[in-house]
Each structure stands twice: as C-alpha cells, then as structure tokens.
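Accompanying notes for the structure given below.
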Amino acid sequence: GIRYHWMQYAGAATIIAGVLVTKLPDFLGHGSGGAQDRVLFNMVFLASSLPNALSSVYKEVAFRKAGNVDVNYLQFWVATFQVVATLLAMPIYNMPFLGPQRVPFDAMPSQLTGGTSCLFFGANTIVTNCGGPGQSECDHCEGALGPTIVYIIANVAFNVANVLVIKYGSAALSFLVLTLQMPLTSIAFCSKAVMGSAAQSPQMSTFAGLGILILGLVAYRQGGNMMEKEKTATRSVSQMVTVGTVGAMQFVLPASRPKLVPRSPDMLRSQMYARLGVASPLASPLLRASASQLSSPGPGSPLSLARSEPEETVSVQDL
C-alpha cells in the first residue's frame, strides 16, 4: 500500500481542524442556514462524495497504468458518462421529499422548453404560484445567458485543474485541495460584487478557517516532498556495496553496473533481415554463383575462407 509521511498526517489533521473552524458558526446555531439546513439533504450530499471519490481514485489508477493519458480525452468520457447518469437519475427529481423542488414526470418536457426559452431568449415562464412559502422560485431570466457562460467556463477550468492535480499529484491531494472551496465560497457570498444586495456579513471564522486550511495543505505537500527525498536516499544506499572493513569502519562504493557491449554491423544487419522476414542476399545460391563467376579468389583469400565456413541463418525465433 501507499505509505505517508508523518507530516502528511499532521497536514490532514490541520485541514480537518480548518473545516471545523469554518463551520463553527453553523454548529453553534449562528450560521445563515436556518431551518432550510436539513439533515436529510446533508446526508444526501455526504453520500454523493462516495462516487466522486471513486472517480478520482479511478483516474489516478488510469494515469499510473496507462501513462500519458490526455486530459481532454479523459474529460470527454467523464462528460459522456455524466450525461448518461443524469438521464438515468431523472426519476429522483420526482420524489416527494424534494418538496417544492420536485419535478413530476409530466412536467419535465415543459421544464426543458421553458428553461431553453429562459436561457436563450430571456422569457419568464414561471411567473404565477411561485416565490411564496413552500413554492418554487419565480423566473428572472433577463441576462441569464451571460452568467451561464461564465459558469460553464469556470466549471471546465475547475474540472481540468482537478484532473491535473490527480495526474501530477494524487486523488488524496485533490480532495485536500477541494477543502478550500468551503471558506472561499463563504467569502464569495460576503462579496457585494458577486452577491449584490444579497451579500452576507463576513465572519472571522471564515478567514481563520481559510488560513488553517492553507497551512494544512502546505504541511501535507511538504511531507510528500520529504517522503520523496527519503525514498531517493534509500535507493541510493541500496545501490552501494561494501568493499572492505577496517575496525568499525566500512568502505562502500557504488555498485558497478554491467557494461553495455555495442552490437557489431554484422549483428545489426542480421537482426534487420530477421525483422523484415527475409534472408541475407549472400544466402542466395544464385548470388553466390554470380559472385564466384565475377571473381575467383585464391585458396587463402578471405572470401574463400568465408565460403568454406558453414553458413548460419538467423530467424526471428533465434532473436
């Protein structure tokens, strides 16, 4: 299995502490969730992390076994799988526990056409029986296309960055980095440039949690670097051999590696003919006969000696 440095465990513990500090107002009842923060949906959100974790681990295994997998190619198949999974999960939107967010099957076609009109034409379709207690939100489709495009660009960039973290780091590191979402999202909700008049008042716990999370990530990454240095030092020591001992002192030298012997031209030529599946031209009786007619070497010449030696044929099986 994978072994971790003690500093990585300390960094992970620090990250958990940062998450707890960020959520401290909600635990104390001073958060903004109110009565809408239901335990059921918290459990559903927690359960949704399981397939996401399995997906990240699968990506890490794919990168390690398949080598240089293109990120865009991987993202294409991830998006294709998500489309199929979304279509198969459509019955979930019809469940009663969703309350006002429930979408009956017979209303799904009209929801799709209404959403398309809202996105591309700015047409409001849900204008009655909405906005009240226990009712769905009313449409506000003016300028909906711009924020949607910004979201798509940000989402693609986020997913590509996450895959790159998995490719050059690990799935565990990607999840630790994702913990920064919580305080950064809280800070975004406090920004009037993002939320406008709905901006919330900033809380000290949010900034404190962000600082603790960054400290934990730095500690985790530093622990990984220290682990790599220890592995490199161990490999270097394993390549040393003891050549002598004087008293309590040992003399060690790097282990000698086998010397590479270059291949001769004849060997390269024979291997090339074998890979092509053909024999050497000198193995042809006709060529040998024509060569003997062109020149008649003496009994002591190199060619005469070469003819007197038994010929060897090289096949693919011999190589």
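The values are calculated or read from the model by the stated rules, or taken from the named source; none is laboratory data. As the structure is a computational prediction, the values presented were derived from the model and not from experiment. Just so you know, the surface numbers come from the protein's heavy atoms only, side chains and all, with ligands and any DNA or RNA stripped out. Shrake-Rupley method; radii C 1.70, N 1.55, O 1.52, S 1.80 Å.
For the residue pairs LYS167/LYS192; LYS167/LYS229; LYS23/LYS65, the C-alpha atoms sit more than 29 angstrom apart in LYS167/LYS192; LYS23/LYS65.
The Cα center of segment 91-114 and the Cα center of segment 191-237 differ in position by 39 Å.
The residues of segment 176-235 present an accessible area of 63 Å² per residue when probed at 1.4 Å with all protein chains retained. Figure note: TRP6, TRP77 ranked by solvent-accessible area, largest first, 1.4 Å probe, ligands and nucleic acids not counted: TRP6, TRP77. Assuming a ≥ b ≥ c are the square roots of the Cα gyration tensor eigenvalues, decide whether segment 137-223 counts as rounded (a/c under 1.5), prolate (otherwise, with a/b larger than b/c) or oblate. Since a/c reaches 1.5 but b/c is at least a/b, the shape of segment 137-223 is classed as oblate.
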